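Some notes on the structure that comes next.
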Amino acid sequence: MRTPIRPLPGGNLVAQARLRSSRIRVEAVAPLIMRVALGVVFIWFGALKIANVTPVATLVADTLAWVPVDPDILLPALGAFEIVLGAMVIVGWRLRLVLTVLIAHLCGTFLVLVVLPQAAFERGNPLLLTTIGEFVVKNVVFIAGALLLAAWPRTAPGRQNGDVSTS
């Protein structure tokens, strides 16, 4: 339930009503904008991996060297997985489940900080990030966006805001 607009001293009620109306519109479209932004980035990064033109191919291969899968298979498979995740986020299908998987995937990117600290930190100092370190740490923002979407209030019983699935 929204709080009624209280006029500000000397305020213009019409201007205040417009401000409130624009805030409501932003609240209505914000989840969609966040879903599309996350989805597009995942599709884009995934496509770069499939096309084998990603600038992080060596980083991914070195970080996941312990995985018993050839990097020539692992990288495109990871790219395909990211494309599917991105598309599902945009469409909104099973959004909370997909966002949980997306967050787990993003948490996996922090392996770079553990497996290859020399690539992520200048002189071993965790406060001095290299370009690779910044690339990895920025995923905190993606995780925050995914958590925000997962926590967004439901608009109807059994449906999430912007979720097009029925189950």
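Under 5 Å from the amide H of Phe121 lie the amide H atoms of Thr130, each residue being 5 or more positions distant or on a separate chain, with H modelled from the backbone and absent for Pro and chain starts.
Which order do Lys138, Lys49 fall in if you start with the one that has the fewest other Cβ atoms within 10 Å? The partial results should precede the final answer.
On the way: Lys138 11, Lys49 22.
Fewest-to-most ranking of Lys138, Lys49: Lys138, Lys49.
As a rough footprinting exposure proxy, the listed residues Trp152, Trp66, Trp93 were ranked by other beta carbons within 10 Å of their own, and the order from fewest upward is Trp66, Trp93, Trp152.
Legend: ranking of residues Thr54, Thr63, Thr131, Thr100 from fewest to most surrounding C-beta atoms inside 10 Å; resulting order Thr131, Thr100, Thr54, Thr63.
Computed from the coordinates by the stated procedures, all read-outs in this text should not be read as laboratory data. Just so it is clear, the model here is predicted, and its values are computed rather than measured. Positions of Cβ are generated from backbone atoms using ideal geometry, with glycine treated the same way; all protein chains shown enter the neighbour counts.
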